[in-house]
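A.B. asks: My questions will all concern the structure given below.
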Amino acid sequence: MKIIMLGAPGAGKGTQAKMIADKYGIPHISTGDIFRANIKEGTELGQKAKTYMDQGLLVPDELVVDLVVDRVGKEDCANGYVLDGFPRTIPQAESLDAALDKLGEKIDFALNVEVPDENIVNRMSGRRACVSCGATYHIVHIPTKVEGICDRCGSELILRDDDKPETVQKRLGVYHEQTQPLIDYYKAKEVLVEVDGTKDMQDVFTDIVNILGA
Ligand code: ADP
Ligand code: ADP
Ligand code: ZN
């Protein structure tokens with residue numbers, strides 16, 4: 001099962017993608033996590049990506065497309081995967097489709113997690129992220145058992161640099177301009193499904209499982 005998560009920054013894509021990956025036993029591929037891991041390791045890719053991420057801008061397509069195309073060709077992706085944060089532009093989607101076409105494969109579901117802009121700033125300011133395993137929490141809505149410590153792996157949680165309110169506004173603008181057109185793109189391919197992301201985490205997941213099938 002090949003799944004794409006669509007939605008604004010902070011809509012809950014990563015949260016749901018992790019739950020999907022666990023339930024269906026497929027890899028969760030988050031381009032944001034890949035970039036953050038590269039920044040942490042100080043790689044050349046990480047240094048390049050950081051300058052864009054800190055400004056709330058998208059990393060250029062050429063820095064992200066090959067990376068994802070390579071990743072989905074790996075053996076652990078044979079039974080499917082959940083892509084989170086990719087594609088984010090029409091050219092990225094077209095490149096992915098071209099690569100999948102060559103393999104005789106296609107995306108099965110593009111899940112659009114809908115949350116109005118008004119709710120997004122609240123979600124992002126309360127977001128805490130684990131840089132070790134990629135898990136995300138919310139100080140009010142999805143708290144950890146021990147404050148500041150990841151439930152999954154015990155590492156320390158951080159407030160992401162790009163989750164500051166000014167940067168969040170910028171990212172929302174970029175989303176509407178560059179990423180939202182993907183909704184129509186996947187609608188035309190008849191794989192788009194809308195998900196109400198304003199519900200509680202578990203209820204959103206139940207809706208998703210009803211779509212994907214048990
Ligand atoms: P969020 O989960 O809040 O939407 P991500 O972790 O997916 O954020 O991405 C963080 C940042 O990484 C983005 O703002 C962008 O700068 C960069 N990024 C991640 N994925 C992509 C992509 N597919 N194309 C371009 N930039 C990306
Ligand atoms: P995205 O990957 O789309 O940027 P995240 O999954 O990181 O979004 O979620 C953004 C923030 O909102 C996090 O703090 C997360 O814990 C919280 N969150 C996720 N889903 C819900 C939900 N259904 N209700 C309330 N808060 C949520
Ligand atoms: Zn962790």
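A.B. asks: Most fluctuating residue of 164, 74, 50 in a GNM of the chain with Cα springs under 10 Å: which is it?
C.D. replies: So, out of 164, 74, 50, the one fluctuating most is 74.
A.B. asks: Right, another one. Relative contact order, percent, of the chain when contacts are C-alpha pairs under 8 Å separated by at least 6 residues?
C.D. replies: Details: 315 pairs, mean separation 64.1, N = 214.
Across the chain, relative contact order equals 30 percent.
A.B. asks: Straight-line reach from residue 189: which aspartates and glutamates have Cα under 17 Å away, leaving out those fewer than 8 places along the same chain?
C.D. replies: Cα-Cα hits under 17 Å: 94, 97, 101, 105, 108.
A.B. asks: Search the structure for amide H atoms under 5 Å from the amide H of residue 128, placed 1.01 Å from N in the peptide plane, and list their residues when 5 or more places away or on another chain.
C.D. replies: 137, 138, 139
A.B. asks: Give the Cα extents of segment 165-214 along the principal axes, in whole Å, largest first.
C.D. replies: Answer, in whole Å and largest first: 39, 29, 11 Å.
A.B. asks: May I pose another question? Taking the Cα centre of the chain as origin and charging only Cβ (+1 Lys, Arg; -1 Asp, Glu), how large is the dipole, in debye to the nearest 20?
C.D. replies: Values: 25 positive and 35 negative charges, 83 e Å.
So the dipole magnitude of the chain works out to roughly 400 debye.
A.B. asks: Another question, if that's okay. For the chain, what is the calculated [θ] at 222 nm in deg cm²/dmol (nearest 500), taking -39500 (n - 2.57) for each run of four or more DSSP H residues and dividing by its residue count? Mind showing how you got there, number by number?
C.D. replies: Details: 9 runs with 98 residues, N = 214.
My calculation for the chain gives -14000 deg cm²/dmol from helical runs alone.
A.B. asks: Take every DSSP beta bridge whose two residues both sit in the chain, then give the antiparallel share in percent to the nearest 5. Mind dumping the intermediate values first?
C.D. replies: On the way: 7 of 23 bridges.
Of the beta bridges lying entirely in the chain, close to 30 percent run antiparallel.
A.B. asks: Could you tell me the relative contact order of segment 84-156? Use alpha-carbon pairs under 8 Å, at least six residues apart, and round to a whole percent. Present the calculation step by step, with values, prior to reporting the outcome.
C.D. replies: Details: 43 pairs, mean separation 12.0, N = 73.
Relative contact order, segment 84-156: 17 percent.
A.B. asks: Taking a spot 7 Å from the Cα of residue 178 along the direction of its beta carbon, which residues of segment 74-104 have an amide N less than 13 Å from it?
C.D. replies: Once the point is set 7 Å along Cα→Cβ of residue 178, 86-93 turn out to lie under 13 Å by backbone N, inside segment 74-104.
A.B. asks: Charges on Cβ only, +1 for Lys and Arg, -1 for Asp and Glu, centred on the Cα centroid of the chain; of 104, 58, 165, which one is farthest towards the dipole's positive end?
C.D. replies: It is 165, whose Cα lies furthest towards the positive end.
A.B. asks: I'd like the Kirkwood hydrodynamic radius of the chain, using the inverse of the mean 1/r over distinct C-alpha pairs, in Å.
C.D. replies: Numbers: mean 1/r = 0.0571 Å⁻¹.
For the chain, inverting the mean 1/r across all distinct Cα pairs yields 17.5 Å.
A.B. asks: Hey, in the GNM for the chain with a 10 angstrom Cα cutoff, which one of 169, 202, 92 fluctuates hardest?
C.D. replies: 202
A.B. asks: Could I ask something else about it? Excluding residues on the same chain fewer than 8 positions from residue 187, give the lysines whose Cα lies under 17 Å from its Cα.
C.D. replies: In chain and number order, the partners are 2, 106.
A.B. asks: Could you give the length gained on full extension between residue 158 and residue 98, defined as 0.36 nm per residue of separation minus the Cα-Cα distance, in nm? Could you put the intermediate results ahead of the total?
C.D. replies: Working: separation 60, 0.36 × 60 = 21.60 nm, distance 3.69 nm.
Gain in length upon complete extension: 17.9 nm.
A.B. asks: Please turn the phi angles of segment 15-22 into ³J(HN,Hα) values with the Karplus equation 6.51 cos²θ - 1.76 cosθ + 1.60 (θ = phi - 60°), one per residue in order, whole Hz, x for glycine and proline.
C.D. replies: Once θ is set to phi - 60°, the couplings for segment 15-22 become 4, 6, 4, 5, 5, 5, 4, 5 Hz.
A.B. asks: Sticking with this one: Could you check how many percent of all C-alpha pairs in segment 57-184 are farther apart than 17 Å? Intermediate results must be reported in sequence, preceding the final value.
C.D. replies: Working: 5432 of 8128 pairs.
Tail of P(r) above 17 Å: 67 percent of Cα pairs.
A.B. asks: Please give the contour-minus-distance gain from residue 74 to residue 118: 0.36 nm per residue of separation, less the Cα-Cα distance, rounded to one decimal in nm. Kindly include the intermediate steps, with their values, before the conclusion.
C.D. replies: Numbers: separation 44, 0.36 × 44 = 15.84 nm, distance 3.86 nm.
Net length gain for the segment: 12.0 nm.
A.B. asks: Average projected area of the Cα convex hull of segment 81-150, in nm²? Spell out each step's value before the answer.
C.D. replies: On the way: hull surface 26.6 nm².
Here the figure is 6.6 nm², rounded to one decimal.
A.B. asks: Go through 5-12, 138-145 and give me the packing order, highest mean Cβ count within 10 Å leading.
C.D. replies: On the way: 5-12: 25.9, 138-145: 14.1.
Top of the packing list down: 5-12, 138-145.
None of the figures in this text is laboratory data; all of them are computed from the coordinates on show. Treat the numbers as computed from the prediction; the structure is a model and nothing was measured. Methodologically, a virtual Cβ is constructed for each residue, glycine included, from the backbone with ideal geometry; neighbour enumeration extends over all protein chains shown.
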